[in-house]
1. Take the residues in region A:4-18 that are of a type in the set (A, V, I, L, M, F, W, C) and open to solvent by 10 Å² or more (accessible area, probe 1.4 Å); name whichever of them is nearest to A:I143 (Cα to Cα).
2. Taking into account only those residues within region B:252-270 that are surrounded by 18 or more Cβ atoms within 10 Å (Cβ to Cβ) and without any contact (Cβ under 8 Å) to a residue 60 or more places away in the chain, which is nearest to B:Q237 (Cα to Cα)?
3. Checking the condition within 14 Å of chain A (Cβ to nearest Cβ), modelled with pLDDT of 95 or more and open to solvent by 50 Å² or more (accessible area, probe 1.4 Å), which residue from B:P34, B:P60 passes?
4. Considering A:A147, A:A154, which residue is open to solvent by less than 60 Å² (accessible area, probe 1.4 Å) and more than 19 Å from the chain's Cα centre (by Cα)?
5. Just the residues that are away from chain A (no Cβ under 14 Å) and either part of a strand (DSSP E or B) or of a type in the set (K, R) (or both), please, taken from region B:221-249.
6. I'd like the residue in region A:81-102 that is among the hydroxyl-bearing types (S, T, Y) and open to solvent by less than 60 Å² (accessible area, probe 1.4 Å) and, out of all such residues, is farthest from A:A156 (Cα to Cα).
7. Can you work out which of the residues in region A:55-80 that are part of a loop (DSSP other than H, G, I, E, B), open to solvent by 30 Å² or more (accessible area, probe 1.4 Å) and within 14 Å of another protein chain (Cβ to nearest Cβ) is nearest to A:D152 (Cα to Cα)?
8. Look through region B:83-137, keep the residues that are touching a residue at least 40 places away in the same chain (Cβ under 8 Å) and hydroxyl-bearing (S, T, Y), and return whichever of them is surrounded by the fewest Cβ atoms within 10 Å (Cβ to Cβ).
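The values are calculated or read from the model by the stated rules, or taken from the named source; none is laboratory data. Not measured: the values here are computed from a predicted model. Neighbour counts run over all protein chains shown; Cβ positions are idealised from the backbone, glycine included. Accessible surface areas use protein heavy atoms only, side chains included; no ligands, DNA or RNA. Shrake-Rupley method; radii C 1.70, N 1.55, O 1.52, S 1.80 Å.
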Amino acid sequence: MIAQGFADPVLSGQKTFRALMDAMARPGSIQIIDGIKTAPEALGPTMSAVALSLVDHETTIHLDRRLGDDADVRAFLAFHTSAPRTSECANADFALVSDGLAMPDLAAFKAGTNAYPDRSTTLLIGISGFHSGRRYILSGPGIDGIATVSLDGARADLAEQLSANRQLFPCGVDIIFCAAGEIMALPRSTRISEA
Amino acid sequence: MSITYNFAYLDEQTKRMIRRAILKAIAIPGYQVPFASREMPMPYGWGTGGVQVTAAILGPQDVLKVIDQGADDTTNAVSIRRFFETTAGVRTTTHTGEATVIQTRHRIPELTLQAGQTLVYQVPIPEPLRFLEPRETETRTLHALADYGLMHVKLYEDIAHHGHIATTYAYPVTVAGRYVMDPSPIPKFDNPKMHNSAALQLFGAGREKRIYAIPPYTTVVPLDFEDHPFEPTRFGQPCDLCASTTSYLDEVVLDDRGKRMFVCSDTDHCEERRSAGHRGRLLGSAPEALGVGPRS
């Protein structure tokens, strides 16, 4: 049976989006997400809520191997979003990566063009949490001075990956990290270094 | 028969499409993201872009303020406020400090906006280069190359003709050091308020189908020259109702013999100052039509 989506598609979708908007407008800030408790286990409540609030039949999604191999996840996303799937990272509007340690190189995704930098991939990446792990220093639009954040369960060379992504500005990918009940966004405009 | 609307009028698929555009706009400050603008139950030019952005972000816990040229009580502001009272049932206010979402036509409130507030601008022409280069394909290339020489030539021609930069509203700005952006037809008096604001600023152009944004704490620099630096408009006199010397003033003609007064364009700011006891030169004798009647 297909798992239930948002209990209230209108208001839960709005609440999730506002957390996403605040996250994107204030890179490095931790925003609370009321997850979908009935979501398939591999996708998790938080990433499920983020996905259902943004994805629909107009957006192409890419699933990593673990999610793509999971029949429950496929059925859940197909039923609730009708989003066409692609196996090519470079064609995806949204890429769902369940494990931050296994994140593909960011250069593999769609970065947009100089004329249309918005035609790029937004990555939803599952990580363990924002309260321990490697520390990073962020600066850029949305940040008052600098911000220090912790990411647990991201690739060891994350700062390098994101710095290369920043070099592409205004092109590049945007990232939404999803942990249990919390999200953090790192848009392409953010500068990052290891603390 | 009563009509039931989806929350905030728009259908959910439209909201998702607009929300995706808003996230891209925030990620690329100052870049105009194309979006599939919908027909709204109001004509273009009445804020259809701003209304769509507001509808996509609004939630039941929000408190909405709508202003038109700074005033809460003009037709455009009143009708948009009512639109969202009817379709979303949200609480509305005229107090800037109380609002979580402020939709505006052509002004930024005088009260400094705080973190957690979102300012939604109604934008008629989002493309700052449009009057210099009518072809979208060309302006898109100019943005892609960050080639803004045309705009500097325009400002230079102002100086050549008038001795100073004569652009007084919709004064172009550079956002986060990259995109030149039209701040919508706000007076250049308001330009400094956009710089490093704690609030999120979203811009919606319905007819032109563009959404763009300035995230909080982002550098917003008006274009100028070293020897002709940007100067915000200054007024030589205080508000005649509240004696404010720091607000943007509207000129009100009082009779056909040249009598006139200057009053704050931001009605909420003016009212709050008056209720705090500030008294302008003409307070008490202002015509009743201004709604501030003889007060003791």
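1. In this case the residue turns out to be A:L11.
2. Only one residue fits best here, namely B:F262.
3. On the way: B:P34 fails: open to solvent by 50 Å² or more (accessible area, probe 1.4 Å).
Of the residues listed, the single one that is within 14 Å of chain A (Cβ to nearest Cβ), modelled with pLDDT of 95 or more and open to solvent by 50 Å² or more (accessible area, probe 1.4 Å) is B:P60.
4. A:A147
5. Within region B:221-249, B:P222, B:F225, B:H228, B:R234, B:L249 meet the criteria.
6. A:T81
7. My answer is A:T60.
8. B:T86
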